[in-house]
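Enquirer: I have a structure here, written as structure tokens, and I will follow up with some questions on it.
The values are calculated or read from the model by the stated rules, or taken from the named source; none is laboratory data. Quick caveat: nothing in here was measured; it's all calculated off a predicted structure. Quick reminder, even Gly has a Cβ in these numbers, built from the backbone with ideal geometry, and neighbours come from all protein chains shown. Side chains included, ligands, DNA and RNA excluded: accessible areas come from the protein's heavy atoms. Shrake-Rupley method; radii C 1.70, N 1.55, O 1.52, S 1.80 Å.
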Amino acid sequence: MDSKTLYAKAQTLMPGGVNSPLRACRYVNSEPVFIDRAEGAYLWDVEGRKYIDYVLSWGPMLLGHCDPSVAEAVYMAVNKGTSYGAPCYGEVALAEEIQKLIPSMEMMRMVSSGTEATMSALRLARGYTGRDKVVKFIGNYHGHNDAFLAAAGSAAAAVPGTPGVPEDIVRHTLLAHYNDLDKVREYFETRGGEIACVIVEPAAGNMGLVLPRDGFLQGLRDLCTEYGALLIFDEVITGFRLSPGGAQQRYGITPDLTTLGKIIGGGFPVGCYGGKREIMEHMAPCGGVFQAGTLSGNPVAMAAGLATLKGLQQCDYDALEARTRGLAEGLTEILRSKGQSVHLNQIASAFTIYFSDVPVTNMTESSACDADKYAAFWQQMMAQGIYLAPAGFECAFTSFVHTDEDFEKTLEAASKVQF
Ligand SMILES: *Cc1c(COP(=O)(O)O)cnc(C)c1O
């Protein structure tokens, strides 16, 4: 069946024909293609068209699709049963590997999505501190928990009131602009005793890529310490991508709690939250804060995650960063040569090129970008087999298996785009 037929059928069965809103491609005035298979840096749609993939399942596939060692680990695990609902070796092995890479995660718990990880970390922060308020940054996305759907980024940005989220819950969410340390300081000075935690994407990836200003993360760290609140780094995107030890290693700032997702599951549904032992021991069954999961620590998902983290440690992060910069700067130059006003944000293997007159440092600047220009760019790149995120406020990701030839093809495609 072709994409058009599948999409028509899907729309009768699922809201918007999709299981996650952005996939519907509405921000780029298009319809989705249905994917049949993926391997390495490539996707093939149901009509057999091949794409160079810069979405990578929204981040997880840093080793590329169908990495042989991950696939092998998954096959081996499947042969031993797909779920036990009881402790298994894989949970211990993956937790040990995570702790080695991210030492601030002295203890952790596996869950099945990033949403679950941030939801649980917030509950723990509240349970541990006995406080209710959370400071959250406008344009940061922490999954679809009620408390975080106030001014969230990604697809949720289009739903400002977010029907279904009680006012009573979001009134505990204090909003500040990303990179606006003064606002956070003001919150602490006026109601420091009520704030359980500050949650932040240490490099923000859901309003496009927005990097923390010098001193921003350190400032958050200092304020949290001073007022006895917990600092939560939501590293669902940055974990294992900004460096093997995530953003906290790269920026040299240690949070109290960390949330992980995406890459950690190697393409399977895995999330994880963890941090200081003394805090984590407040979770049941050690402490009173409750959280549980039927499929948590699933043996197949653990095997995929472990093989992914082991594989990543064989990879040259610096080389990929330099090559990604080359690609991103090349694309930026091409767009400028076509008279477009664009600004590039890049770190490690992630970047966003904004159709904007000004550099982008927060959500206000991100939302002001020219969505129609991005849609035109996206459509023409797709038509040439370059698969980019179907919204201008998302990151492009590269993987360790993208080749120089892939990058050259991408630049060549961009040079043919007309505005
Ligand atoms: C994707 C994402 C989440 C949510 O993860 P899901 O697995 O989609 O629930 C949370 N935080 C950040 C920073 C993310 O990018």
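Enquirer: Sorting check: for 126-133, 265-272, which peptide has the highest mean count of neighbouring beta carbons within 10 Å, and how do the rest follow?
Expert: Peptide ranking by packing, descending: 265-272, 126-133.
Enquirer: What list of ³J(HN,Hα) values in whole Hz, one per residue of the stretch 237-249 in order, does the Karplus curve 6.51 cos²θ - 1.76 cosθ + 1.60 (θ = phi - 60°) give from phi, with Gly and Pro shown as x?
Expert: Calculated HN-Hα couplings, in order: 8, 6, x, 6, 9, 6, 5, x, x, x, 5, 5, 6 Hz.
Enquirer: Students often forget the sequence filter, so: which lysines lie under 24 Å Cα-Cα from Lys9 once same-chain residues fewer than 8 apart are removed?
Expert: Excluding near neighbours in sequence, the set is Lys50.
Enquirer: Evaluate Rg over Rh across the chain, taking Cα atoms for both radii and Kirkwood's formula for Rh.
Expert: Ratio value, two decimals: 0.95.
Enquirer: Considering only protein heavy atoms, what per residue accessible area in square angstrom results for the stretch 68-312 with a 1.4 angstrom probe?
Expert: Computed with neighbouring chains in place, this is 39 Å² per residue.
Enquirer: Over the stretch 68-312, with every protein chain in place, what whole percent of the accessible area is carbon and sulfur at 1.4 Å, could you tell me?
Expert: Its accessible area is 55 percent carbon and sulfur atoms.
Enquirer: If the cut-off is 14 Å between C-alpha atoms, which aspartates and glutamates fall inside it for Lys338, apart from same-chain ones fewer than 8 positions away?
Expert: Glu412
Enquirer: May I pose another question? Using Cα positions and a limit of under 25 Å, work out the lysines in reach of Lys136, with same-chain residues fewer than 8 apart set aside.
Expert: Lys183, Lys262, Lys276
Enquirer: Sticking with this one: Quick one: Kirkwood hydrodynamic radius for the stretch 68-312, alpha-carbon pairs, angstrom, one decimal?
Expert: Radius from the Kirkwood sum: 18.1 Å.
Enquirer: I would also like to ask the following. In sequence order, what are the phi-derived ³J(HN,Hα) couplings for the stretch 344-351 according to the Karplus relation 6.51 cos²θ - 1.76 cosθ + 1.60 with θ = phi - 60°, rounded to whole Hz, with x for glycine and proline?
Expert: Karplus values, whole Hz, x for Gly and Pro: 10, 10, 8, 8, 6, 9, 9, 7.
Enquirer: Can you compute the equivalent ellipsoid semi-axes for the stretch 343-419, i.e. the square root of 5 times each eigenvalue of the Cα gyration tensor, sorted largest first and rounded to whole Å?
Expert: Here the semi-axes work out to 21, 16, 10 Å.
Enquirer: With a 10 Å radius around each residue's Cβ, average the other Cβ atoms per peptide and rank 357-363, 172-178, 194-200, highest first.
Expert: 194-200, 172-178, 357-363
Enquirer: Largest first and in whole Å, what are the equivalent-ellipsoid semi-axes of the stretch 4-58 based on the Cα gyration tensor, each being the root of 5 times an eigenvalue?
Expert: 20, 13, 10
Enquirer: Expressed in nm², what is the orientationally averaged projection area of the convex hull enclosing the Cα positions of the stretch 206-266?
Expert: 4.4
Enquirer: Here is a further query. Can you give the helix-only mean residue ellipticity at 222 nm for the chain, where every DSSP H stretch with n ≥ 4 adds -39500 (n - 2.57) and the sum goes over all residues, rounded to the nearest 500 deg cm²/dmol?
Expert: The helix contribution divided over the chain gives -11000 deg cm²/dmol.
Enquirer: Using DSSP to define loop residues, name the GluC sites (Glu not before Pro) in the stretch 73-149 whose beta-carbon has at most 15 other beta-carbon atoms within 10 Å.
Expert: Sparse-neighbourhood loop GluC sites (Glu not before Pro): Glu106.
Enquirer: Under a Cβ-Cβ cut-off of 14 Å, what is the net charge of the residues other than Gly139 that fall near it, where Lys and Arg count +1 and Asp and Glu count -1?
Expert: -3
Enquirer: About the Cα centre, and with charges only on the beta carbon of Lys, Arg (+1) and Asp, Glu (-1), how big is the dipole of the chain? Nearest 20 debye, please.
Expert: So the magnitude is around 520 debye.
Enquirer: Would you please classify the overall shape of the stretch 1-142 from the alpha carbon gyration tensor, given that a ≥ b ≥ c denote the square roots of the eigenvalues, rounded means a/c under 1.5, and beyond that prolate means a/b larger than b/c while oblate covers the rest?
Expert: oblate
Enquirer: Within the stretch 203-264, report the chymotrypsin sites (Phe, Trp or Tyr not before Pro) that DSSP leaves as loop and that have at most 15 other Cβ atoms within 10 Å.
Expert: none
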